[in-house]
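Below is one structure, written out as structure tokens, with a few remarks after it.
Throughout, read-outs are computed from the coordinates displayed, never taken from laboratory work. Predicted, not measured: the structure shown is a model, and the values here were computed from it. Neighbour counts run over all protein chains shown; Cβ positions are idealised from the backbone, glycine included.
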Amino acid sequence: MAIIIDHANVLKPGTMKAKLTIALFTVFAFTSQLSAQQKCASTAYQQEEMMRNPSIIDRIAAIERFTSQKTENRGATNRPEDAVIKIPVIVHVIYHTQAEKISDAQVRSQIDALNKYFRRRNADTTNTPAHFRQLAADCEIEFQLAISDPNKRSTSGIVRKYTPITKWKADDLVKFSSEMGDDAWDPKSYLNIWVCNLDRFAGYSSMPGGEENKDGVVISYSAFGTSSGPSGYDMGKTAVHEVGHWLNLKHLWGDANCGDDGVSDTPKQASYTVGCPTTIRVTCGNSPYGDMYMNYMDYTNDNCINMFTYGQKARMRALFAIGAVRNSILQSKGLDAPQTFETPLPEEDPKWLHPQLYPNPASNEVSIDFTYDIRWIGKTIFVTNLQGQNVMNVMITSKNQRIDISRLQAGIYFIAAKKENGESMKQRFIKL
């Protein structure tokens, strides 16, 4: 039975209960729900981040206080109330197979989808039930692929990078080049989106107030863009949901039974919605109109979600007020004309997927190419003979590691190494 986490009390500022709650409750609170849906890993991910780094709790509490002040005081003058907020986006395509190396057109289809749904310009707005239609908002938030990188050089807003990793978990490793992913661009100026082969889930997002080098959204390549993924994930709305989290929206059920999502015009509901309902679902005493399951922050299938509310709009836009955590994005140079234009190098796929040993046979020296998996650097190579006796140890210090074999007797030898995660390599060579 899942433990229910009371987010309202977890985030209540200035209480010992807030910190103890994080320490006591485990990240597995919603594992059964999330694994059943294969939709969003943000709740479990964010809880784990807070347990790992409790200082995040205080930052989130401060953001909640600020957000409450701004959304309650609609007359405040330090909010970009009437301006359309434009967010520069950098998409990191981290691929192992050609299927994961999505095209520019696929990336653009997702950006177009984000703009269409956040601006309420999608044709399926006609499916919003009449009793919720008056609450449906044009959020006046737009997304554009960056044209200038942090060094003011020209960019397409898309970075592609081969990785030897076949599947990624919701653990942020894809956000680091040292882990064979790709480092974030300055999160104060860009929305970072990583597209990869994400295991078990369609996507997850960091939270405002989290660690800057992990700030952004991760989406499975099969759920990114339009007409690319399995039924239920083919309209680009997974990214809409996760960017909603990045903009400080919670799930409608507040990640608890009849919980609080911090928005006044979304009715309370018991939990997530499965599939695509066609009738009113009354939970948590929210009659007569029931759950707002057509909201982007539910788990409903893509073809049945079509709205954000005015309350959600206010909560998202409060992040860009003067003094707010994402205000710096309004001063980003990511959409300014670049000062330096460079011809991009052609994208080259690896010619091999595992460390390559050459020449073989060899008389004096062999080399092992680790170019496509630098995680081997720092590990030890063990050289053994046919009898299994260790004859040489070599520390890997370079992407192209040379091994002096001149003192070995002629014969057949094996080279082996192992990483902390259990991954190993073993190759044979002949010494002439």
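Listing for the model above:
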read-out: Peptides 87-99, 161-173 ordered by average Cβ neighbours within 10 Å, highest first; value: 87-99, 161-173
read-out: Check: the chain dipole with +1 on Lys, Arg Cβ and -1 on Asp, Glu Cβ, in debye; value: 400 debye
read-out: Mean separation of Cα contacts under 8 Å (6+ apart) over length of the chain, as relative contact order %; value: 16 percent
read-out: Cross-link reach list, lysines versus Lys70, counting only Cα pairs under 28 Å and skipping chain neighbours closer than eight places; value: Lys12, Lys17, Lys19, Lys86, Lys116, Lys188, Lys214, Lys237, Lys250, Lys268, Lys313, Lys333
read-out: For Lys418, net neighbour charge (Lys/Arg +1, Asp/Glu -1) across residues whose Cβ lies under 10 Å away; value: +1
read-out: Local net charge near Pro338, Cβ-Cβ under 10 Å (Lys/Arg +1, Asp/Glu -1); value: 0
read-out: HN-Hα J in Hz across the range 253-269 - Karplus 6.51, -1.76, 1.60, θ = phi - 60°, x for Gly and Pro; value: 7, x, 6, 7, 5, 6, x, 10, 8, x, 10, 6, 9, 9, x, 4, 9
read-out: Per residue convex hull volume, Cα atoms of the chain, in Å³; value: 169 Å³
read-out: Total charge dipole magnitude, the range 79-331, about the Cα centre, Cβ charges on Lys, Arg, Asp, Glu only, Debye to nearest 20; value: 340 debye
read-out: Three principal axis lengths of the range 194-276 [C-alpha, angstrom, descending]; value: 36, 34, 20
read-out: Highest-MSF residue in the chain out of Gln387, Gln312, Gln269 [GNM, Cα springs under 10 Å]; value: Gln387
read-out: Residues whose placed amide H lies under 5 Å from that of Gln144, excluding near-sequence neighbours; value: Ile87, Val89
read-out: Alpha-carbon radius of gyration plus Dmax, which is the widest Cα pair, for the range 356-431 in Å; value: 11.7, 34
read-out: Distant-in-sequence amide H partners of Gln356 (H built 1.01 Å from N, under 5 Å); value: Asp369
read-out: Lysine pairs with alpha-carbon atoms under 18 Å apart, the range 356-431, spacing 8 or more or separate chains; value: 8
read-out: Phi-based couplings in Hz for the range 314-325 (Karplus 6.51, -1.76, 1.60; Gly and Pro marked x); value: 4, 5, 5, 5, 4, 5, 9, 5, 4, x, 8, 5
read-out: Among 415-428, 271-284, the order from most to least packed when residues are scored by Cβ within 10 Å on average; value: 271-284, 415-428
read-out: Interchain or long-range residues, amide H under 5 Å from Val93's placed H; value: Val159, Arg160, Lys161, Val195
read-out: Residue (of Gly244, Asn364, Ser206) at the positive-pole extreme of the chain, dipole from beta-carbon charges; value: Asn364
read-out: Fraction of beta bridges assigned by DSSP in the chain that are antiparallel (%, nearest 5); value: 55 percent
